[in-house]
Amino acid sequence: MTRNLAIDEVHQLLNLQPSLQRVRYREVLDLPELTDWEMAEVEQIRIDFQAYWQAGKVLEGQVQMLVLAPLLRLAGFYRSPIQLSLEQAIADISIVDEDTTITGRLDLLAARRASTTPLWILVVESKNSQVDALNGLPQLLTYASRSLSQQRSVWGLATNGISYYFTRLIMNELRSQQTYQLLPELNLLDIDRALVLLRVLKAIRESEDL
């Protein structure tokens, strides 16, 4: 498994810097409106998940089945040319000029067929929904940054089932510096933010970054 890197270590090892500018979803994505049927589906997903959450811890596999799978289907990630890979094994990452090798596995990976990897999704490996989703950010950034060798930007998502943090990694024009934007938290238990969650996924699916 991936060794536990602190976010400061990831910044240093990957020459990766956080954007200091506060970014809102509407500033980087064209958020589509939802149909009444889509809103009803999101509400049902929220209700189903909340029942499990109130009964106790929600395990990683349950998050995938109860939330991620139906949301990705609604957002169009099951359709060509997008191809989903589950529990994708990741090759070792050796950091140049550092005695560091990182290995591990993302819990869910959405990939464009025969091309790039536009969206990486990490279910936090705490095995339950009571640990902060941001704990997965160092691992997510480490793996997602590899896609910048093939494209100018890439999307990532870290979640524990309740909280959802989208991040967008960007390579500058000179290909000398990587930055990332961490967007505001979305929360499945809040219906308004749960609806935005589906709108963001649909927007990423339809964006030119794919």
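The values are calculated or read from the model by the stated rules, or taken from the named source; none is laboratory data. These figures come from a predicted structure and were not determined experimentally. Neighbour counts are summed over all protein chains in view; Cβ atoms, including those assigned to glycine, are modelled from backbone coordinates with ideal geometry.
As a summary of the residue check, Ile90 satisfies the conditions (1) surrounded by 12 or more Cβ atoms within 10 Å (Cβ to Cβ); (2) under 19 Å from Asn187 (Cβ atoms); (3) at pLDDT below 95 except for the one numbered (2). Can you say whether Leu189 is surrounded by 22 or more Cβ atoms within 10 Å (Cβ to Cβ) and outside any strand (DSSP E or B), as far as the supplied structure shows? So Leu189 does not fit the description; no. Restricting attention to segment 152-184, the residues being farther than 16 Å from Val63 by Cβ, outside any strand (DSSP E or B) and not polar (S, T, N, Q) number 6. When the residues of segment 4-32 are filtered to those that are free of Cβ contacts under 8 Å to residues at least 60 places away in the same chain and of a type in the set (Asp, Glu), which remaining residue is nearest to Tyr143 (Cα to Cα)? For segment 4-32, the residue satisfying everything is Asp8. Residues considered: Ala40, Ala55, Ala51, Ala69. Of these, the only one that is surrounded by 13 or more Cβ atoms within 10 Å (Cβ to Cβ) and free of Cβ contacts under 8 Å to residues at least 12 places away in the same chain is Ala69.
Mind listing just one residue for me: the one in segment 126-151 that is surrounded by fewer than 21 Cβ atoms within 10 Å (Cβ to Cβ), more than 15 Å from the chain's Cα centre (by Cα) and in a loop (DSSP other than H, G, I, E, B) and, of those, modelled with the lowest pLDDT? By that ranking, first place goes to Ser126.
Here Gln62 meets the list (1) among the polar types (S, T, N, Q); (2) at pLDDT below 95; (3) over 21 Å from the mean Cα position of the chain (by Cα) almost entirely, failing just condition (3).
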